[in-house]
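Everything on this sheet refers to the single structure shown next.
Taken together, the values in this text are just the output of simple stated rules run on the coordinates, not laboratory data. Note that the coordinates shown come from a computational prediction; the quantities given were computed from them, not determined experimentally. Virtual Cβ from ideal backbone geometry, glycine too; neighbours counted across all protein chains shown.
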Amino acid sequence: LGSSNFCFIRAKLAPAPLAGQAPQMGHSHLARKPLLDSLKTFNAKEWDLGKHVIFKPDPDGIDFSGWVFSSFCAFRGRALAHIFLPLLVIATEALIVAALSDPLLMGEHPLHIPESHAFEDFYRMLGVPVSFLLVFRLNRAAVRFYDSRAAFGKLIECSRVLAGQAVQYLSHDPVRRDSMCRWVVVYPFAARNYLRGHAPPDAKEELAGLLNEEEAEQLSRAKMQPLLCLDRIRGSMWSGAKSNTGLPPSLVAQTLNNMEATLATITGTVAAMERINNTPLPIAWVAHLRQFLLFYLLGIPFSLQPSFGWATPVVTLVVSIAMLGLEGAAVSCERPFGHNTNHLPMTLFCKVISENVQQILSETECVDSCADISTTIDLEFGSLHE
């Protein structure tokens, strides 16, 4: 339906004023105005989105800038801190082996490492299972990362649905509707704080304009902040449904059931991220991989020294960075809920939800205003006709 037809239908369905009574303008957008203004102010402020690195390759063309950035400029996104200690140990060992094997430094008693084809074959055989373990480790970390992103994406989707249901199903009760939309916006912030295990130092200031001091204090004291938000949303849903006397009880029950189903899905998204955050890979797997990986890398200098001499530390360092880097990337991405550059930009996702709720309220306000104008025109034409 076009907007004019929709407004005309809304006008025809609106109750006519009693005799001698001035026509009532729709009050829903007037009651929602404070929340809408709060959201506009809230979304217009400066947001601390963290230091996350978001790299999106250009799907068209050569993508020259993308290759330059990811190959030579993306040092901030590398997981070098996770591999610094083993890398230091391996590099030190390679330097010691090279120094002990140098006749100029050791004089008449240098370290002699004979060339052995059997030892080289053993190293090739050992490299196969170590490589397989690394690939599997990285694959599991990537699955956990994308499962986390899918769960937060579902949270964004259901927040849009729940806000839309609030403005439609609770249009008769602006107070409960606005309360429900307010806590829908707060919910992803609470989920972020819970998954990180702490709230930011300016948590109360961050939600200023959406929560009053008492509500912000209750949220900060809650052991699991998302549960408090869910309770407030469910309470607004229930109170708004009970106050709806203009619809048959069966229809009210159906709308309440629809909103409860959406709320249950939102609850499940945080539960999915909580499961990923609290369930790292078993220590038996990680310990097995790291033991054999270190054993393999620590033996490289003895394998390369007879052929490479003082180049052994350099070659060993390059191979170690390549293999340890995979382990570091897996560690960095398997629980992507912190402040790391490779973690999910959850504050950005919270901002997206807040802007979406603002848009839903703004568009509904526009429709309500159009319907009120149509109602007034229809009533004026009716009085002239009489």
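Annotation for Asn278 and Met106: the two label points, set 7 Å from Cα along the Cα-Cβ direction, are 5.5 nm apart. For segment 81-213, what does the alpha-carbon gyration tensor say about shape, rounded, prolate or oblate, given a ≥ b ≥ c as the root eigenvalues, a/c under 1.5 as rounded, and a/b over b/c as prolate? Note, shape of segment 81-213 comes out oblate.
Set the Cα radius of gyration of segment 272-331 against 2.2 N^0.38 Å, with N its number of residues, and you get 1.52. Note that segment 190-252, at 20 °C in a medium of 1.002 mPa s, gets a Stokes-Einstein diffusion coefficient of 159 µm²/s from its Kirkwood radius over C-alpha pairs.
For segment 97-141, the extents of the C-alpha atoms along the principal axes are 51, 24, 8 Å, listed from largest to smallest. Let me know the shape class of segment 222-277, please: from the alpha-carbon gyration tensor, a ≥ b ≥ c as square roots of the eigenvalues, rounded when a/c is under 1.5, otherwise prolate if a/b is greater than b/c, or oblate. Oblate. Pairs spanning more than 26 Å between alpha-carbon atoms, out of Lys204/Lys242; Lys40/Lys242; Lys223/Lys351; Lys40/Lys223; Lys204/Lys351: Lys204/Lys242; Lys40/Lys242; Lys40/Lys223. Across the alpha-carbon set of segment 145-223, the Rg to Rh ratio works out to 1.01, Rh being the Kirkwood radius.
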